[in-house]
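Trainee: Structure provided below as C-alpha cells; questions to follow.
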Amino acid sequence: MKRLPRLYAITDRKKYGEDFLGTLERILRNGVKMVQLREKDLSGRELYHLASQVRELTRKYEALLLINERFDVAVAVDADGVHLPEKSFPPSVVKKLFPQLIVGFSAHSLESAKYAQEEGADFITLGPVFKTSSHPEAKPMGTLKFKEIAQSVNIPVYALGGITWDRIKLCYKNGAYGIAGITIFLNDSKDS
C-alpha cells in the first residue's frame, strides 16, 4: 500500500457550492492528496457519474480517491479505496473481497478504533475532536481523549471534526497522523 497522505479532504456538495468540481480542483491544487467522495444523497448512477469525474481530477493531481461506503462504485471507477462508516460492512469483508482497496473506517470511541484495527482497516478517522457544524449533535471528545485513543492503535489516525488551521499543530501533538475534514480545505488561507 502507498504511504497515506497527511491531508484528507471529505466532500460535501452543499458546502462546496455550485462549482463542485472547480472547488475540488482548487483543494487538490493546494496540495491535498487524498479525497473521500462522501455524497450520501446520490443514487448509485449519480454517484458513479460524479465519481468518474472526481477520479479524473484526482489522477490529474496524483491524489488518492476513496468512495464513502460504496465499494461497488469504488471498483467501477478504479478508486484507491473506500471509507466505511461505523455501522457499515466490517473492514475484513471488504479487504477479502477487494484486497486492492485501501479501507478507512470512521471511529468515534476507543472500542470502535480497536475494532477497526482488528478488522484490518488501513486507517481511521477519529472524532469529532472539536465542535463541528457538520455534526452539531455530536459531543466533541477533545484532544486528551483523542490522544488516548490514537495511542491505543497502530494504524494511522486522522483527526476529524472542527479542525481549523490553528488547531492542526495541537492535533499532531496529540497523536494525529493526519487531518481530515470538509470545511478546513475550503479556504485558501491557512490563517482561517
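Trainee: Please verify whether Gly120 is closer than 22 Å to Leu66 by Cα, within 16 Å of the chain's Cα centre (by Cα) and not hydroxyl-bearing (Ser, Thr, Tyr), treating the condition exactly as stated. Show your work before the answer.
Mentor: Details: closer than 22 Å to Leu66 by Cα: yes; within 16 Å of the chain's Cα centre (by Cα): no; not hydroxyl-bearing (Ser, Thr, Tyr): yes.
In short, no.
Trainee: Gly81: within 16 Å of the chain's Cα centre (by Cα), touching a residue at least 60 places away in the same chain (Cβ under 8 Å) and closer than 16 Å to Met34 by Cα, yes or no? Steps first, answer last, please.
Mentor: Working: within 16 Å of the chain's Cα centre (by Cα): yes; touching a residue at least 60 places away in the same chain (Cβ under 8 Å): no; closer than 16 Å to Met34 by Cα: yes.
So Gly81 fails the test.
Trainee: Another question, then. Is it the case, given these coordinates, that Phe89 is surrounded by 15 or more Cβ atoms within 10 Å (Cβ to Cβ), at pLDDT below 95 and assigned to a loop (DSSP other than H, G, I, E, B)?
Mentor: Numbers: surrounded by 15 or more Cβ atoms within 10 Å (Cβ to Cβ): yes; at pLDDT below 95: yes; assigned to a loop (DSSP other than H, G, I, E, B): yes.
Here the answer is yes, as Phe89 does meet what is asked.
Trainee: Also, quick follow-up: Look at the range 7-17 and say how many of its residues are more than 16 Å from Glu46 (Cα to Cα) and either in contact with a strand residue (DSSP E or B) (Cβ under 7 Å, 6 or more places away or on another chain) or of a type in the set (Asp, Glu) (or both).
Mentor: Selection size over the range 7-17: 4.
Trainee: Restricting to the range 67-96, name every residue that is closer than 17 Å to Ala116 by Cα and among the aliphatic types (A, V, I, L, M).
Mentor: Val82, Leu84, Val93, Val94
Trainee: Within the range 168-192, take every residue that is at pLDDT below 95 and either over 17 Å from the mean Cα position of the chain (by Cα) or assigned to a loop (DSSP other than H, G, I, E, B) (or both) and give me the one that is surrounded by the fewest Cβ atoms within 10 Å (Cβ to Cβ).
Mentor: If we take residues in the range 168-192 being at pLDDT below 95 and either over 17 Å from the mean Cα position of the chain (by Cα) or assigned to a loop (DSSP other than H, G, I, E, B) (or both), then Ser189 is surrounded by the fewest Cβ atoms within 10 Å (Cβ to Cβ).
Trainee: Mind telling me which of the residues Phe105, Phe146, Phe130 ends up being closer than 21 Å to Leu7 by Cβ, aromatic (Phe, Trp, Tyr) and in a helix (DSSP H, G or I)?
Mentor: Values: Phe105 fails: in a helix (DSSP H, G or I); Phe130 fails: in a helix (DSSP H, G or I).
Answer to the selection: Phe146.
Trainee: Limited to the range 119-131, what total is found for residues that are in contact with a strand residue (DSSP E or B) (Cβ under 8 Å, 6 or more places away or on another chain) and free of Cβ contacts under 8 Å to residues at least 60 places away in the same chain? Full working, then the answer.
Mentor: Our first condition is that a residue be in contact with a strand residue (DSSP E or B) (Cβ under 8 Å, 6 or more places away or on another chain); within the range 119-131, this holds for 119-129.
Subsequent filtering for residues that are free of Cβ contacts under 8 Å to residues at least 60 places away in the same chain retains 119-121, 124, 126-129.
Summing the residues that are in contact with a strand residue (DSSP E or B) (Cβ under 8 Å, 6 or more places away or on another chain) and free of Cβ contacts under 8 Å to residues at least 60 places away in the same chain in the range 119-131 gives 8.
The values are calculated or read from the model by the stated rules, or taken from the named source; none is laboratory data. These numbers come from a predicted model, not from an experiment. Positions of Cβ are backbone-derived with ideal geometry, glycine not excepted, and every protein chain shown enters the neighbour counts.
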